[in-house]
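Worksheet: one structure, shown below.
None of the figures in this text is laboratory data; all of them are computed from the coordinates on show. Small disclaimer: the values here were computed from a predicted structure and weren't measured. Don't worry about glycine lacking a Cβ; one is built from the backbone with ideal geometry, like all the others, and counts go over all protein chains shown.
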Amino acid sequence: MLDGIFIVDKPAGMTSRALVNRVQLLLPRGVKIGHTGTLDPLATGVLVLCVGTATKQAETIQSLGKTYRAGIRLGGRSTTDDADGIITVAANVAIPDPARIDRELQGFVGRVEQRPPQYSAIKVGGRRAYAMARKGQRFDLSPRWVQIDSIQRLEYVWPLLELMIECGKGTYIRSLARDLGERLGVGGYIESLRRIRVGPFAIDQAVKFSGNIAEDQESLRTGFIPIAQALAMMTPRTTS
């Protein structure tokens, strides 16, 4: 019986659901499987897949803190708040200096209100927001409270800004990029996004796929974490 998790490195250009389907083809027929914490097609990195009885732990895993490395392009706006949308380049903007960016970033740390992207999986009247947005339908998404624990500026050479972000469940990094760009008065959107951690599950533990069925099955076999071990990894350690 397969009861446990796989930590998979999702490639760019693939939906989380498509990756689940790909893994399911490598498993014995009838094994239950599901993912935790959807990644956008543009994004890469840690996607935790639960199989067997571990699917009952999906919500618990989804609620764990996450760490992202985000590449933001300033000086433009996107219909999807990332590079997959229709881009409008901002003209004649004042280039912000690093000190200004650092000041604005601090305003996003803590428990903050965030408006989700129009192109998101949130349901509006029973329909997915992205499906409505693709049809040009007008609707409003209410702001939500999210927790952002820290934001570190890694590199900044206009117009590219690299950040390391630690945050809680439900945080949209696309929204952060969009809102930062607006506060700076120049616009901004996600150009690259990589999730490097979900709780204790890190990118260096992740399974990568080659496209060769035998090799990928072996990768899954060696990367499998039984449910008891996964739960132990998720349990905070106490010191006496």
For T44, list long-range residues whose amide hydrogen, built 1.01 Å from N in the peptide plane, is under 5 Å from its own amide hydrogen.
-> L193, R194, R195
Taking the chain as the reference, fit the longest principal axis to its C-alpha atoms, fit the long axis of helix 173-184 to the helix C-alpha atoms, and give the angle between the two in degrees, 0 to 90, nearest 10.
-> 10
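Averaging the inverse of every distinct alpha carbon separation and then flipping it gives the Kirkwood radius. What is it for the stretch 1-104, in angstrom units? Before the final figure, lay out each step's value.
Working: mean 1/r = 0.0610 Å⁻¹.
The Cα-based Kirkwood calculation yields 16.4 Å.
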Check cross-link reach from K135 to the aspartates and glutamates: straight Cα distance under 18 Å, and skip same-chain residues fewer than eight apart.
-> D81, D84
Roughly how big is the stretch 66-197's charge dipole about its Cα centre, with Cβ charges of +1 (Lys, Arg) and -1 (Asp, Glu), in debye to the nearest 20?
-> 680
Direction-averaged shadow area of the convex hull around the Cα atoms of the stretch 23-70, nm²?
-> 4.0
Gained length - Q137 relative to S150, 0.36 nm times residue gap less alpha-carbon distance = 1.2 nm
Using all C-alpha to C-alpha distances in the stretch 66-197, build P(r) with 5 Å bins and read off the rounded percent in each one.
-> 2, 11, 21, 23, 21, 13, 7, 2, 0
Percent of alpha carbon pairs in the stretch 43-103 separated by more than 19 Å?
-> 59
For the stretch 86-164, list log₁₀ I(q)/I(0) at each q in 0.15 Å⁻¹, using the Debye formula over Cα point scatterers of equal strength and ignoring solvent, two decimals each.
-> -0.80
Which of the following values of Rg/Rh (Cα atoms, Kirkwood Rh) was calculated from the structure shown: (1) 1.00; (2) 0.94; (3) 0.96?
-> (1)
Can you figure out the FRET efficiency of N21 with A91, using R₀ = 41 Å and their beta-carbon distance, to the nearest 0.05?
-> 0.45
At what distance in nm do the modelled label points of V157 and A83 sit from each other, each positioned 7 Å from its Cα along Cα→Cβ?
-> 1.5
CD proxy at 222 nm, helix term only [per DSSP H run n ≥ 4: -39500 (n - 2.57); per residue of the chain; nearest 500] | -7000 deg cm²/dmol
Once you have all Cα-Cα distances for the stretch 146-233, histogram them in 5 Å bins from zero and send the whole-percent values.
-> 3, 10, 16, 18, 13, 12, 12, 9, 5, 2, 0
Cross-link pairs K32/K66; K56/K123; K32/K56; K123/K208 - those with Cα-Cα distance over 21 Å = K32/K66; K56/K123; K123/K208
